[in-house]
Amino acid sequence: MKPNIALITGASSGIGMELARVCARNGHNLLLTARREKRLLELKKELEAEFDVDVIFYTIDLADYDAPEKLFEFVRKNSFSVQILVNNAGVGDYGFFHESDWKRQAAMLDLNIRALTHLTHLFLPEMIKQDRAYILNVASTAAFQPGPMMSVYYATKSYVLSFGEAIANELQDTGVSVTTLCPGPTESEFQKEANMEKSKLFDRFPVATSLDVAEYGFKAMMKGKRVAIYGLINKMVPRAVAISPRNFVTKVSRFIQQRKD
Ligand SMILES: NC(=O)c1ccc[n+]([C@@H]2O[C@H](COP(=O)([O-])OP(=O)(O)OC[C@H]3O[C@@H](n4cnc5c(N)ncnc54)[C@H](OP(=O)(O)O)[C@@H]3O)[C@@H](O)[C@H]2O)c1
């Protein structure tokens, strides 16, 4: 029998790293991916020392066009069976779209949308053959409305939510569940990487820890919940958006993302 693994993208920091810790604590062998090898090696050593699990890692830039195929091939060659697929890796970019660097926007589209979709497409056929398998896609509360000052990022997360809900429906008669996790602002390296230090977002909302978000996401995935929004205030976002005029929602979103200076 092929060894079952949980494949986690973006495991070198933040929510992905904590999801790796939660999965290991629950006895899952892991395949961790990200670009920073040193981080993955340290995490492997930590988890193998603490828990009775095997941890392997594969360093890759998932924004590269052929990266999902390479990762899939690595899994196939090692005869692993992916029982849990966590599409967590994602980046943002703060600022006006017309002033943005196209290379950053393109890499965001490639990572947040194309890689997530391609990995899901590659691994699903094998996952469907299993009695029970799980997909956890990390979106955001950004998924529920347009996001001026982070227009492309919000749109990518809307895609992740829409795609996840749709395939969860398609897969309802199989053993595969698809959970879309929607965290609000969360302590991680995301804020710095997305140049969001100038945004008021993290001052206006309660900020969760990556560990709390990961534990919540893991439980939701295990229950097969389709959409999992972390935090009481965040849960109110889609409700408020649903009953408000779209233009008003977009203005509020812009206000929340206002520059500090
Ligand atoms: N933090 C928040 O406020 C927040 C809120 C809602 C949703 N989210 C979502 O949560 C997910 C995790 O983010 P986080 O907050 O944990 O941020 P983070 O600490 O910056 O982690 C991002 C992870 O993605 C990996 N990554 C980035 N670019 C990559 C690439 N091109 N190829 C492969 N891996 C790449 C990073 O690893 P390397 O740099 O080593 O490659 C890192 O492990 C993202 O999808 C994000 O959109 C975050």
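Roughly what % of DSSP beta bridges within the chain run antiparallel, to the nearest 5? Walk me through the intermediate numbers first.
Details: 1 of 29 bridges.
Taking every DSSP beta bridge with both residues in the chain, the antiparallel ones total about 5 percent.
Rounded to the nearest 20 Debye, what is the dipole magnitude of the chain about its Cα centre when Lys and Arg each give +1 and Asp and Glu each give -1 at the C-beta? Walk me through the numbers on the way to the answer.
On the way: 33 positive and 30 negative charges, 150 e Å.
Charge dipole of the chain: 720 debye, to the nearest 20.
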**Request:** Would you please name the trypsin sites (Lys or Arg not before Pro) within the stretch 116-195 that are DSSP coil residues with at most 13 other C-beta atoms within 10 Å of their C-beta?
**Result:** Lys129, Arg132
**Request:** Kindly flag which residue pairs out of Lys192/Lys251; Lys77/Lys225; Lys129/Lys219; Lys45/Lys200; Lys70/Lys225 have an alpha-carbon separation exceeding 26 Å in this structure.
**Result:** Lys77/Lys225; Lys45/Lys200; Lys70/Lys225
**Message:** Counting only other residues whose beta carbon sits under 13 Å from that of Gln257, what net charge do I get with K and R as +1, D and E as -1?
**Reply:** +4
**Asked** Which residues make up the longest stretch of the chain that has no chymotrypsin sites (Phe, Trp or Tyr not before Pro) in a DSSP loop with at most 12 other Cβ atoms within 10 Å?
**Response** 97-261
**Message:** Modelling each spin label as a point 7 Å along the Cα-to-Cβ direction, I'd like the Glu48/Asp212 distance in nm, to one decimal.
**Reply:** 3.4 nm
**Rounded to 10°, Cα long-axis angle of helix 232-242 versus longest principal axis of the chain** = 60 degrees
**Asked** Taking the Cα centre of each part, how many Å lie between the stretch 223-256 and the stretch 66-128?
**Response** 25 Å
**Prompt:** In the stretch 48-153, if every C-alpha pair distance is counted and binned at 10 Å from zero, what percent goes to each bin?
**Reply:** 13, 37, 30, 15, 4, 0
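At 10 °C and 1.306 mPa s, what whole-number value in µm²/s does Stokes-Einstein give for the translational diffusion of the chain, with Rh from the Kirkwood sum over Cα pairs?
Details: Rh = 18.6 Å.
For these conditions, the coefficient is 85 µm²/s.
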**Asked** Residue separation times 0.36 nm, minus the C-alpha to C-alpha distance between Glu37 and Lys219: what's the value?
**Response** 62.7 nm
**Fill in**
The summed charge of the Asp66 Cβ neighbourhood (under 14 Å; Lys/Arg +1, Asp/Glu -1) stands at -3
**Complete:** Phe202 and Arg25 label points (each 7 Å along its Cα→Cβ direction) are spaced in nm at 2.4 nm
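Could you give the length gained by full extension between Arg246 and Glu73, i.e. 0.36 nm per residue of separation minus their alpha carbon distance, to one decimal place? If you can, show how the numbers build up before the last one.
Values: separation 173, 0.36 × 173 = 62.28 nm, distance 4.37 nm.
Net length gain for the segment: 57.9 nm.
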**Complete:** For the Lys103, Phe255 Cβ pair and Förster radius 35 Å, calculated FRET efficiency rounded to 0.05 is 0.75
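Note the full-extension length gain between Glu165 and Asp64 as 0.36 nm times their separation in residues minus their Cα-Cα distance, in nm to one decimal.
Result for the pair: 33.8 nm of gain on full extension.
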**Request:** With a point put 7 Å past each Cα toward its Cβ, work out how far Asn195 is from Lys235 in nm, to one decimal.
**Result:** 3.7 nm
**Asked** Using Cα atoms only, what is the angle between the long axis of helix 14-25 and the major principal axis of the chain, expressed in degrees (0 to 90) to the nearest 10?
**Response** 30 degrees
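Rule-based calculations on the coordinates, nothing more; no lab input. What you are looking at is a predicted structure, and each value in this text was computed from that prediction instead of being measured. Because the Cβ atoms are built from the backbone with ideal geometry, glycine has one as well, and the counts that use them run over all protein chains shown.
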